[in-house]
Amino acid sequence: MQKQQNNLLMLLENRKELFMLKLKYVPVENCKAEWGDKMALMKRFEGLKLKTLNNLLTEMRMNPQFKNYVINSGHRTVWINFEGFLNFLRYRQNKRFKEVG
């Protein structure tokens, strides 16, 4: 995994239209955490909105390959694996390119 990325581009399909979502990865100094809540994830990916994150997490939960990267430990508590989330974004990107190409 590339530790520092300036920009992470991915395609997001929303209402049958394709939008380019530009996310900026912000590395956290001396951070060894593997899991975090929604706010921690949104700090790492500048430009990621809560509504978009909720949609992505719903899609992750429905995909057997990525559902183990999202833990709902309580009614309002959710933990997301950072590496798993990044792998999910790459998976979505590759999936979109295969559909288009």
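Could we say that Gln65 is out of contact with any strand residue (DSSP E or B) (no Cβ under 8 Å at 6 or more places or on another chain) and of a type in the set (S, T, N, Q) here?
Taking the combined requirement at face value, the residue satisfies it.
The rows are residues; the columns are (1) surrounded by 17 or more Cβ atoms within 10 Å (Cβ to Cβ); (2) in contact (Cβ under 8 Å) with a residue 40 or more places away in the chain; (3) out of contact with any helix residue (DSSP H, G or I) (no Cβ under 8 Å at 6 or more places or on another chain).
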| site | (1), (2), (3) |
| --- | --- |
| Lys51 | no, no, yes |
| Thr58 | no, no, yes |
| Asn63 | no, no, no |
| Phe66 | yes, no, no |
| Val70 | yes, no, no |
| Phe82 | yes, yes, no |
| Arg90 | no, no, yes |
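Would you please name the residue that is nearest to the chain's Cα centre (by Cα), looking only at residues in the range 63-78 that are within 19 Å of Ala33 (Cβ to Cβ) and part of a helix (DSSP H, G or I)?
Tyr69
Yes/no matrix, rows are residues, columns are (1) modelled with pLDDT of 95 or more; (2) part of a strand (DSSP E or B):
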residue: Leu12; (1), (2): no, yes
residue: Asn55; (1), (2): yes, no
residue: Arg61; (1), (2): yes, no
residue: Ile80; (1), (2): yes, yes
residue: Phe88; (1), (2): yes, no
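The values are calculated or read from the model by the stated rules, or taken from the named source; none is laboratory data. Here the structure is a predicted model, which means the values were calculated and not measured. Note that each Cβ is placed from the backbone with ideal geometry, even for glycine, and that neighbours are counted across all protein chains shown.
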